[in-house]
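Visitor: Below is the structure I would like to discuss, written out as structure tokens.
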Amino acid sequence: MNLVVRSATDWASLSPVLWQSVLETVYMVAVTMVIGGVAGLVIGAVLYATRPGNLYAHPVAFAVMNFVINIIRPIPFIIFLTAVAPVTRAVAGTTLGTDAAIVPMVIMAVVVIGRVVEQNLVAVDPGTVEAARAIGAKRISILFGIVIPEALAPLILGYTFMFIAVVDMSAMAGYIGGGGLGNFAIIYGYQQFNQEATWVTVAIIIVIVQIGQLFGNWLAQRILRR
């Protein structure tokens with residue numbers, strides 16, 4: 001009987017690659033959260049404001065935006081990556097690499113964050129909005145001066161949830177050569193049957209997620225205590 005013995009992982013060679021993968025993951029997540037976070041906040045605020053009977057009620061605009069979000073949001077991200085490949089190529093010039101992976105990540109993040117923002121704004125007490133309107137406050141002032149600040153703590157928790165989701169997206173982007181820890185785990189873990197490399201990657205992702213979760217929880221608590 002022949003036994004196949006795999007040599008120990010050469011971390012001296014892999015460590016620089018792993019570190020580069022960590023930096024790529026942080027880069028993808030940071031860019032996606034900044035662009036997707038801002039655009040998603042705008043989309044969510046518009047969705048909230050254009051709902052029937054709301055500040056800027058516009059049934060047609062709301063229905064169109066709501067329809068688009070409902071179409072995109074349920075698509076599994078691994079499928080979405082390939083579905084928007086033509087858009088990715090048009091924007092980034094390629095479908096490979098971290099910059100290319102950011103394109104579908106931002107699109108999906110904008111859609112999901114937009115819905116998260118809308119749901120949190122809808123939860124704000126309508127009586128607060130009506131009271132502000134009764135004293136003659138402008139609609140734009142109510143939206144950005146009352147509604148969003150009132151929902152700030154839940155919004156922070158919502159963004160924390162999205163941070164974790166975006167980390168997951170960055171890992172899945174590795175399947176199409178998107179770089180980052182997902183790509184590292186596939187090439188140096190899965191394809192080389194190296195469980196050690198795979199579990200080190202998993203451990204790093206867990207640490208990144210835990211740091212984001214703890215910071216989000218802490219910030220939300222600070223807002224609630226104000």
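The values are calculated or read from the model by the stated rules, or taken from the named source; none is laboratory data. As the structure is a prediction and not an experimental result, all values here were calculated from the model. Because the Cβ atoms are built from the backbone with ideal geometry, glycine has one as well, and the counts that use them run over all protein chains shown. The protein model used for the area step is the full one, side chains on, heavy atoms only, and it has no ligands, DNA or RNA in it. Shrake-Rupley method; radii C 1.70, N 1.55, O 1.52, S 1.80 Å.
Visitor: Out of all the residues in segment 120-127, is one or more buried (at least 20 other Cβ atoms within 10 Å of the Cβ) and farther than 23 Å from Ile205 by Cβ?
Guide: Looking for residues that are buried (at least 20 other Cβ atoms within 10 Å of the Cβ) and farther than 23 Å from Ile205 by Cβ, one finds at least one in segment 120-127, hence yes.
Visitor: Scan segment 186-200 for residues that are in contact (Cβ under 8 Å) with a residue 40 or more places away in the chain, touching a Gly at 6+ places or on another chain (Cβ under 9 Å) and either crowded, with 17+ Cβ neighbours inside 10 Å or of a type in the set (Ser, Thr, Tyr) (or both) and jot them down. Break it down into steps so the answer makes sense when it comes.
Guide: At the first step, the residues of segment 186-200 found to be in contact (Cβ under 8 Å) with a residue 40 or more places away in the chain are 188, 193-194, 196-197, 200.
Imposing the further condition that a residue be touching a Gly at 6+ places or on another chain (Cβ under 9 Å) reduces the set to 196-197, 200.
Of everything in segment 186-200, those that are in contact (Cβ under 8 Å) with a residue 40 or more places away in the chain, touching a Gly at 6+ places or on another chain (Cβ under 9 Å) and either crowded, with 17+ Cβ neighbours inside 10 Å or of a type in the set (Ser, Thr, Tyr) (or both) turn out to be Ala197, Val200.
Visitor: Residues being under 19 Å from the mean Cα position of the chain (by Cα), open to solvent by 20 Å² or more (accessible area, probe 1.4 Å) and touching a residue at least 24 places away in the same chain (Cβ under 8 Å): count how many of those fall in segment 92-106.
Guide: 3
Visitor: Filtering segment 43-60 down to residues that are more than 15 Å from Ser141 (Cα to Cα) and open to solvent by 70 Å² or more (accessible area, probe 1.4 Å), which residue is modelled with the lowest pLDDT?
Guide: Applying the filter and picking the extreme gives Gly53.
Visitor: Then there's this: Say whether the condition of being in contact with a Gly (Cβ under 7 Å, 6 or more places away or on another chain), open to solvent by less than 10 Å² (accessible area, probe 1.4 Å) and on the phi < 0 side of the Ramachandran plot is met by at least one residue in segment 137-156.
Guide: So in segment 137-156, the residues in contact with a Gly (Cβ under 7 Å, 6 or more places away or on another chain) come out as 156.
Next, only the ones that are open to solvent by less than 10 Å² (accessible area, probe 1.4 Å) stay: none.
No, the conditions are met nowhere in segment 137-156.
Visitor: While we're here: Please go through (1) modelled with pLDDT of 85 or more; (2) among the β-branched types (Val, Ile, Thr); (3) closer than 30 Å to Ser13 by Cβ for Ile148 and return the number of the only condition it doesn't satisfy.
Guide: (3)
Visitor: Here is a further query. If you check Tyr175, Tyr159, which single one turns out to be open to solvent by less than 90 Å² (accessible area, probe 1.4 Å), of a type in the set (Ser, Thr, Tyr) and within 23 Å of the chain's Cα centre (by Cα)? Please lay out each step first, then the result.
Guide: Values: Tyr175 fails: open to solvent by less than 90 Å² (accessible area, probe 1.4 Å).
Checking each option against the conditions leaves just Tyr159.
Visitor: Looking at segment 72-91, can you tell me whether even one residue there is crowded, with 19+ Cβ neighbours inside 10 Å, under 19 Å from Met28 (Cα atoms) and over 18 Å from the mean Cα position of the chain (by Cα)?
Guide: no
Visitor: Moving on to the next point. Can Val64 be described as β-branched (Val, Ile, Thr), without any contact (Cβ under 8 Å) to a residue 24 or more places away in the chain and out of contact with any helix residue (DSSP H, G or I) (no Cβ under 7 Å at 6 or more places or on another chain)? Step through it out loud before you land on a result.
Guide: Details: β-branched (Val, Ile, Thr): yes; without any contact (Cβ under 8 Å) to a residue 24 or more places away in the chain: yes; out of contact with any helix residue (DSSP H, G or I) (no Cβ under 7 Å at 6 or more places or on another chain): yes.
Against the criterion (β-branched (Val, Ile, Thr), without any contact (Cβ under 8 Å) to a residue 24 or more places away in the chain and out of contact with any helix residue (DSSP H, G or I) (no Cβ under 7 Å at 6 or more places or on another chain)), Val64 qualifies.
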